[in-house]
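Worksheet for the structure shown next.
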Amino acid sequence: MTTAVDTSGLTITDVVVRYGGHTAVNKISLTAPTGEITGLIGPNGAGKTTTFNACSGLLRPTSGSVHLFGQEVTHMSPQRRAQHGMGRTFQRMELFDSLSVRENVALGREGGMAGSKPWRHLRASRSDSADVANAVTAALELCDITRLATRRPADLSTGQRRLVELARCIAGGFRLMLLDEPSSGLDKRETTAFGQILRSLVEGATDRPGVGILIVEHDMSLVMSVCDYIHVLDFGEPIFQGTPTEVGASEIVRAAYLGSEAVDVAVPGAPHAKAGA
Ligand SMILES: Nc1ncnc2c1ncn2[C@@H]1O[C@H](COP(=O)(O)OP(=O)(O)O)[C@@H](O)[C@H]1O
Ligand SMILES: [Mg+2]
């Protein structure tokens, strides 16, 4: 038995997705290791959501492969990928307004525990219940929403709902998280706070290992401030990859975004600040 921790996270290799005769994504390769935030950006229609769905298992690539911590998952369902450590949030928020914030977050844990045996919900043991309670408490704290635990999602702001959704994913204990446009609907202050939570997630703490995050965004601002490394797509083609500073300075990237609305391609003043530093 080896004690080495597998930090390889997600690797996709030469992924091609065609819809009929239309190539939506053409030979994309990227890695999203643990301990880092990897960004995938590009103008509308670039193929971000398609790539994201190939990673999460919502669609199967026409060719190419997807590996998760060294294991091939190209043809696995999202549920099985979850059992292998992959969690995701959705662009469209899916919180249950009939449940409290705490109960919504608990679903992120219970779903993973039940896995392919949903009947486990019906006879959860006392240790399962304690596990859920601990994971939920920790996730609420990490997202700084403990004070909202008894509220209903419908009564919250968009920014607060985004944090509940993130907390639910965190409670699942995944080693690799896919985030689909997580900052949409957030104002500048909320986006900054959200970014700090993501940094602390990947950097980990004594009581929790750092996770890996792949973040898919249309808007560059969050990506530029939190990512360690960024891949840029345009018309389904990988056109550039590099650090935020390199991406910000790239004429290729600037040209791809020209004419595309509401995107700030300013060079960031500095690389991301480490959380807690
Ligand atoms: N289900 C689909 N059927 C046919 N074409 C699609 C489908 N989904 C996306 N596309 C096309 O694939 C390309 C990439 O789309 P998408 O991955 O949604 O881009 P992005 O998320 O970067 O905006 C676009 O040209 C889009 O029109
Ligand atoms: Mg999209």
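Laboratory data are not the source of any read-out in this text; all were calculated from the coordinates shown. Computed from a predicted structure; not experimentally measured. No Cβ is skipped: glycine too gets one built from the backbone with ideal geometry, and neighbour counts run over all protein chains shown.
If R₀ is 30 angstrom, what is the calculated FRET efficiency for the pair Glu251 and Thr13, using the beta carbon separation as r and rounding to 0.05?
Plugging the Cβ-Cβ distance into 1/(1 + (r/R0)^6) gives 0.60.
Just to check I understand the Karplus step: with θ = phi - 60° and J = 6.51 cos²θ - 1.76 cosθ + 1.60, what whole-Hz values come out for the range 152-160, glycine and proline as x?
Running phi through 6.51 cos²θ - 1.76 cosθ + 1.60 with θ = phi - 60° gives 9, x, 4, 8, 9, 6, 4, x, 5 Hz.
Return the distance in nm (one decimal) between the two label points of a simple spin-label model at Ala205 and Thr62, each offset 7 Å from Cα along Cα→Cβ.
According to this spin-label approximation, the distance is 4.6 nm.
When only Cα pairs under 8 Å and 6 or more residues apart are kept, what is the percent relative contact order across the chain?
25 percent
If I take R0 = 41 Å and measure r between the Cβ atoms of Ala130 and Thr243 in this structure, what FRET efficiency does the formula 1/(1 + (r/R0)^6) give, to the nearest 0.05?
Efficiency for this residue pair is about 0.45.
Between Arg152 and Val5, what is 0.36 nm times their sequence separation minus the Cα-Cα distance? Round to one decimal in nm.
49.1 nm
Give me, ordered by chain and number, the residues 5 or more places off Ser63 or on other chains with an amide H under 5 Å from its own placed amide H.
Counting only residues 5 or more places away or on other chains, the set is Val16.
Just Leu176, Leu30, Leu148 to compare: in a GNM of the chain, with alpha carbon springs under 10 Å, which one fluctuates most?
In the Gaussian network model the winner is Leu148.
Angle, helix 101-114 long axis vs. longest principal axis of the chain, Cα atoms, 0 to 90°, nearest 10?
Value to nearest ten degrees: 90.
Could you give the C-alpha radius of gyration of the chain expressed as a fraction of 2.2 N^0.38 Å, taking N as the number of residues it contains?
This ratio for the chain stands at 0.99.
Helix 126-142 against the longest principal axis of the chain: what's the angle in degrees, Cα atoms only, rounded to the nearest 10?
Approximately 50 degrees, to the nearest ten.
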